[in-house]
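Supplied in structure tokens, the structure appears directly below.
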Amino acid sequence: MPIETSPCEPWPIDLACCPAAKDADEQVLDRWRRVATSILFNLSGRRWGPSCPHTVRPCRRACLDALPLASSRSYGSPWIPYLGRDGIWRNASVCGCASDCSCGELCEVRLEGPVYDVLAVEIDGQVLPADAYRVDAAGRLVRQDGGCWPDCQEMGAPLGEPGTFGVTYRIGLALDDAAIAAVSALVCHLIRGCSGGGSCGCKMPANVTRLSRQGVDIEMPDPTLLYTEMRTGIPEADLWLMSVNPYRQASPSRVWSVDAPRPRRRVWP
């Protein structure tokens, strides 16, 4: 199962254009923020964050693990010859991995992503400074202080003990102004339709498609058709949904590799 990516808290909102929100109770406003966040998160493909912090215990991939079995046993020296993209043969060290665009060995581990930010990296109970590492796409935690990540660790010992290695981070795409405008418009719509939010107005039944009042006829489409298209009927929200999830994907696409080890995550207790 992939790491749970649901938002850890409601998305930020801007209700400057929603007079109904000024008289709404704080608890009512917070409740509709959570509802609107959940709706847009699910309709947009479950990719936006930040999530709650996750702590994983990754394993570094060794170069020899990626080579064919025959190659790893055919050479007794600590160097493995390989053919570069320029057609020139070179030697690669078995104690580190050189990437396609790096002149030297690059020490990295893979994190389930998308990575929103890294809160802490702990080795042998010591927290590394933030400038000791960086995150490259896609989900690669790269050591940049001259050291390297442990090849293995004591998985039976709790994190913080000698011989352990853990990363605490959050996942999800960052929200932009368009996302904040979308969730704000949906919150405003939900507040106006509530029944006990101060100056909130009345909410029209969802099955009403035609309304006549004081000589004015208004005909509306069946709202259930909007829901089947994974839309809300709110222009600001639907514009954002169409821009970030035009093909109406229910969840983010994932590519699995049997060669890349996945980080271990504690689930109980």
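Looking at (1) open to solvent by 40 Å² or more (accessible area, probe 1.4 Å); (2) touching a Gly at 6+ places or on another chain (Cβ under 8 Å), which is the only condition V135 fails?
If we test V135 against (1) open to solvent by 40 Å² or more (accessible area, probe 1.4 Å); (2) touching a Gly at 6+ places or on another chain (Cβ under 8 Å), just (2) comes out false.
State which residue is least open to solvent (accessible area, probe 1.4 Å) when the search covers only the range 228-238 and only residues that are within 17 Å of S184 (Cα to Cα) and in contact (Cβ under 8 Å) with a residue 60 or more places away in the chain.
Only one residue tops the list, namely A237.
I've got another one for you. Could you please find all residues in the range 144-190 being part of a strand (DSSP E or B) and either over 27 Å from G125 (Cα atoms) or open to solvent by less than 30 Å² (accessible area, probe 1.4 Å) (or both)?
Across the range 144-190, the qualifying residues are F165, G166, V167, Y169, I171, L173.
Note down all Cβ pairs under 8 Å where the first residue falls in the range 118-144 and is on the phi > 0 side of the Ramachandran plot and charged (D, E, K, R), the second is assigned to a strand (DSSP E or B) and surrounded by 15 or more Cβ atoms within 10 Å (Cβ to Cβ), and they're at least six residues apart or on different chains.
Close Cβ pairs satisfying both conditions: D124/F165.
All but one of (1) out of contact with any Asp or Glu (no Cβ under 7 Å at 6 or more places or on another chain); (2) assigned to a strand (DSSP E or B) hold for L141; which doesn't?
(1)
Working only within the range 174-195, note down all residues that are free of Cβ contacts under 8 Å to residues at least 60 places away in the same chain and of a type in the set (D, E, K, R).
Scanning the range 174-195 gives D176, D177.
Starting from residues that are out of contact with any Asp or Glu (no Cβ under 9 Å at 6 or more places or on another chain) and in contact (Cβ under 8 Å) with a residue 40 or more places away in the chain, keep the ones in the range 154-173 and report whichever is nearest to R265 (Cα to Cα).
M155
Which condition from (1) part of a loop (DSSP other than H, G, I, E, B); (2) at pLDDT 65 or above is the one that V135 breaks?
Condition not satisfied by V135: (1).
Right, here's the next one. Tell me which residues, restricted to the range 114-127, are buried (at least 16 other Cβ atoms within 10 Å of the Cβ), within 18 Å of the chain's Cα centre (by Cα) and not hydrophobic (A, V, I, L, M, F, W, C).
Result: P114, Y116.
Would you mind stating whether P246 is over 21 Å from P10 (Cβ atoms), modelled with pLDDT under 70, part of a loop (DSSP other than H, G, I, E, B) and out of contact with any helix residue (DSSP H, G or I) (no Cβ under 6 Å at 6 or more places or on another chain)?
no
What do you reckon, is L190 in contact with a Phe, Trp or Tyr (Cβ under 7 Å, 6 or more places away or on another chain) and either over 30 Å from V56 (Cβ atoms) or at pLDDT below 85 (or both)?
So L190 fits the description; yes.
What do you reckon, is A130 loosely packed, with under 15 Cβ neighbours inside 10 Å, over 30 Å from V28 (Cα atoms) and at pLDDT 90 or above?
For A130, the condition - loosely packed, with under 15 Cβ neighbours inside 10 Å, over 30 Å from V28 (Cα atoms) and at pLDDT 90 or above - is met.
The values are calculated or read from the model by the stated rules, or taken from the named source; none is laboratory data. All values reported here derive from a predicted model rather than from experimental measurement. Backbone-built Cβ (ideal geometry, glycine too); neighbour counts: all protein chains shown. When the accessible area is computed, the model is the full protein with side chains, heavy atoms only, and any ligands, DNA or RNA have been set aside. Shrake-Rupley method; radii C 1.70, N 1.55, O 1.52, S 1.80 Å.
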